[in-house]
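Beneath this line is the structure, given in structure tokens, with notes to follow.
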Amino acid sequence: MEKAPLFQLPEIHSGKVYDLNKDIGKVIVLTFWVSWCPDCSRDLPMKEQLYRSMDSNKVRMLTINVAGRERSSQAGEEFAAKFLTQQTLVDEGRRVYEQYQCTSVPTTAIIDQDGYLAARFDDQAEFLEIVEKVGELVD
């Protein structure tokens with residue numbers, strides 16, 4: 001397994017910078033998305049339900065708006081305000097998206113407690129596969 005690329009990105013509404021390094025030790029679920037994507041519109045509400053049911057001491061869920069694939073920064077902000085309660089970050093163009101070798105949206109990356117990339121799921125993945133992988137990693 002490869003180490004997950006560390007990053008710092010601004011929060012979509014506050015601009016406050018989030019540092020991935022501070023959550024190493026938990027299972028981290030990253031979801032890369034854009035507002036215009038129909039698959040994201042199906043995936044993110046399920047992730048929201050999962051987020052609300054997860055033990056935040058063991059699992060950290062974050063979404064990352066891929067600004068470099070977005071129509072406008074405002075579109076991402078409006079989508080996040082309307083549909084997301086979990087912390088949402090904004091990529092610097094496609095920098096982190098590309099570091100995680102994403103090729104589609106949504107892409108879900110799961111990082112284990114030791115900071116290794118445990119799994120990556122593309123837009124064709126079943127939600128249940130993602131939940132099962134998280135379950136395997138949480139002890």
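A few notes on this one:
- Residue count for the stretch 61-87 under the criterion of being more than 23 Å from Q124 (Cα to Cα) and free of Cβ contacts under 8 Å to residues at least 40 places away in the same chain: the result is 5.
- Restricting attention to the stretch 110-123, the residues that are in contact (Cβ under 8 Å) with a residue 24 or more places away in the chain and closer than 21 Å to E70 by Cβ add up to 1.
- Selected residue (criterion: nearest to F83 (Cα to Cα)) from residues of the stretch 1-19 that are touching a strand residue (DSSP E or B) at 6+ places or on another chain (Cβ under 7 Å) and among the hydrophobic types (A, V, I, L, M, F, W, C): I12
- Some residue of the stretch 88-109 being part of a loop (DSSP other than H, G, I, E, B) and without any contact (Cβ under 8 Å) to a residue 12 or more places away in the chain: no
- T103 being hydroxyl-bearing (S, T, Y) and surrounded by 18 or more Cβ atoms within 10 Å (Cβ to Cβ): no
- If you filter the stretch 9-37 down to residues that are of a type in the set (S, T, Y) and part of a loop (DSSP other than H, G, I, E, B), you find that the one that is nearest to T107 (Cα to Cα) is S35.
- All told, S72 falls short of being surrounded by fewer than 12 Cβ atoms within 10 Å (Cβ to Cβ), of a type in the set (S, T, Y), more than 18 Å from I130 (Cβ to Cβ) and at pLDDT 95 or above.
The values are calculated or read from the model by the stated rules, or taken from the named source; none is laboratory data. All values reported here derive from a predicted model rather than from experimental measurement. Virtual Cβ from ideal backbone geometry, glycine too; neighbours counted across all protein chains shown.
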